[in-house]
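Single-structure report; data block below.
The values are calculated or read from the model by the stated rules, or taken from the named source; none is laboratory data. Not measured: the values here are computed from a predicted model. Here the Cβ positions follow ideal geometry from the backbone for every residue, glycine too, while neighbour counts run over all protein chains shown.
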Amino acid sequence: MLNLPQPIVTFLCSTVVRDRFPAYLQISKDGALLAFGGDCDRYGLNPLTLHNLVDEQIFFLAGLLPLEESALHIPFLQIEEDIIAEVHLFAEQEQDWVLLFDATTENAKHVLIQQKVNDLSLLRRKQAKSLSQWMDAETVAENILDIRPAGEQKLLTILVIKCCSISGLETPTPTTNPLRELDAYLSTISPLILDEGGLIHQSIGNSIVAVFGALPSTQDASQQAIAASIRILDTFQDQSSHQHAATQCALVVTTGTVTVGLLQVGFGKTLTVMGQPMDIAVNLNEISQAGTLIIDKQTFDRLDQRQRCFVPTSLAENTMVDLPSLYSYQKS
Amino acid sequence: MLQKKICMVGAFATGKTSLIARYVQGIYSDKYQTTVGVKIDKKMVSVEGEDLTLILWDIHGEDEFQKIRMSYLRGSAAYILVVDGTRRDTLGTVFHLQAKVEDTIGKVPFITIFNKYDLSQDWEIGEEDLEELSQRQWLYCMGSARTGLGVEECFTQLAQLMI
């Protein structure tokens, strides 16, 4: 056993393993229970009858056996009211094995963390929804958005996302609806931006502009924007491979000082962000390719270990003057 | 007795656990308790004269930290996609998950339930969303684990598709 001395092995067996109340089942490839042992009672695995079909006795195994893969791991499985088991299933040539350990304590720790994450995520969503409904209230802008309605200079990170592959933009056909396609993009992108502390600023044509740093946060706005961008890229890549859809985005992130404030538009006020970082992001986004993430030097300089995922680039079609150094995301 | 495995799939906090609690035990709690891992329950039903044991896999919701392991769905005879009607983005999650599930276990019956229908003032699902489901030829129903609306019918409809 990993070249461990016998006293260590004995110690591990008598403490680490024993304290987790192991139980096992040995099952033939035709589903009959060949043997069982350990603390089966703890997991409600009783009564058990040898040579009878196992999935008629242990209902969570229905459909899982015989194993198609060499092993299957279920970290937390609740079969009894108060007991959570960690379940390992592994295959041998003539039989399958099922091994159970008590994971109740471990599960409780995970639940505590996950509960907080989910609660915060729901809360943030609720707040963002309220914000968009009350954007015209200056007190909200001042107190929640952390900006002065009359305008001020702020260091923000801008993320512009072009939704590529929207079909029927020029000549809609009965089978295409560009607005619905854009809506689907927005539904996918919005929660990812909100999750990372961004604020959807506006949509221009088939591009969406988000700002990071307007909502109060302890995290660096550039890092939040990059985290959101990578999640967006991954999500669309995943969707393309599973749904065989051609949905893709082109993303540009810039960071710098912009003028931000509230501007009267029509009957309400809207958040306004002006400045070179915004212009650069929008213009670069126009010419960037689907599936790419381009960032400027200011954003790059503010990244930590994620800098390794970016390489210097120059856009082939780039005709812009006074352009900062650019970096392109390379998935490792 | 015939056993059928049904998996509940969807984003976090859509009400998968509550729907099962309502269906199996007839109870509901307003307190949101996240699921980590898998909870298994069962219910005996009689569908068109045939006795069935439904083995219900309540799989944790998909989010950034917990991705659904598709191996959990092995051996499923059907699945239920759960959408929180007050969070429209959870519909996007089930579109994404359904494709992954079908890639893993192939075509088996499934139904989409729009849960929390009792929260009409927060409802975010529009006619065009339902139209999209119809275009995809997906079965769907409105439901509420809190009031029990549509829950029994949803499971019964799915059970009928399995036999």
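Computed quantities for the displayed model
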{"quantity": "Top-ranked residue of region B:62-71 - restricted to ones that are within 19 Å of B:K5 (Cα to Cα) and more than 7 Å from every other protein chain (Cβ to nearest Cβ), ranked as surrounded by the fewest Cβ atoms within 10 Å (Cβ to Cβ)", "calculated": "B:M70"}
{"quantity": "Complete set of residues in region A:15-34 that are farther than 19 Å from A:A85 by Cα and without any contact (Cβ under 8 Å) to a residue 60 or more places away in the chain", "calculated": "A:D30, A:G31, A:A32, A:L33"}
{"quantity": "Test for A:Q223: is it away from chain B (no Cβ under 14 Å), of a type outside the set (D, E) and surrounded by fewer than 22 Cβ atoms within 10 Å (Cβ to Cβ)", "calculated": "yes"}
{"quantity": "Residue list for region A:51-88, restricted to those being farther than 11 Å from A:A103 by Cα, β-branched (V, I, T) and within 7 Å of chain B (Cβ to nearest Cβ)", "calculated": "A:I79"}
{"quantity": "Of residues in region B:14-34 being under 22 Å from B:D63 (Cα atoms) and at pLDDT below 95, the one surrounded by the most Cβ atoms within 10 Å (Cβ to Cβ)", "calculated": "B:T34"}
{"quantity": "Test: residue in region A:90-101 that is crowded, with 17+ Cβ neighbours inside 10 Å and at positive phi", "calculated": "no"}
{"quantity": "Matching residues, region B:80-111, being surrounded by fewer than 24 Cβ atoms within 10 Å (Cβ to Cβ), within 20 Å of A:A128 (Cα to Cα) and among the polar types (S, T, N, Q)", "calculated": "B:T86"}
{"quantity": "Filter result for B:G37 (within 8 Å of another protein chain (Cβ to nearest Cβ), within 21 Å of A:I58 (Cβ to Cβ), over 15 Å from the mean Cα position of the chain (by Cα) and in contact (Cβ under 8 Å) with a residue 40 or more places away in the chain)", "calculated": "no"}
{"quantity": "Identity of the residue in region B:115-145, among the acidic types (D, E) and in a loop (DSSP other than H, G, I, E, B), that ends up modelled with the highest pLDDT", "calculated": "B:D118"}
{"quantity": "Selection count where residues are free of Cβ contacts under 8 Å to residues at least 60 places away in the same chain and within 10 Å of chain A (Cβ to nearest Cβ), scope region B:1-21", "calculated": "3"}
{"quantity": "Matching entry among B:F110, B:F65 (being among the aromatic types (F, W, Y) and within 13 Å of the chain's Cα centre (by Cα))", "calculated": "B:F110"}
{"quantity": "Residue under evaluation A:D279, criteria (1) part of a loop (DSSP other than H, G, I, E, B); (2) more than 24 Å from the chain's Cα centre (by Cα); (3) at pLDDT 90 or above, criterion not met", "calculated": "(1)"}
{"quantity": "Region B:74-91 residues that are more than 21 Å from A:A62 (Cβ to Cβ) and acidic (D, E), paired with ones that are at pLDDT below 95 and surrounded by fewer than 24 Cβ atoms within 10 Å (Cβ to Cβ) (beta carbon under 6 Å, 6 or more apart)", "calculated": "B:D89/A:S187"}
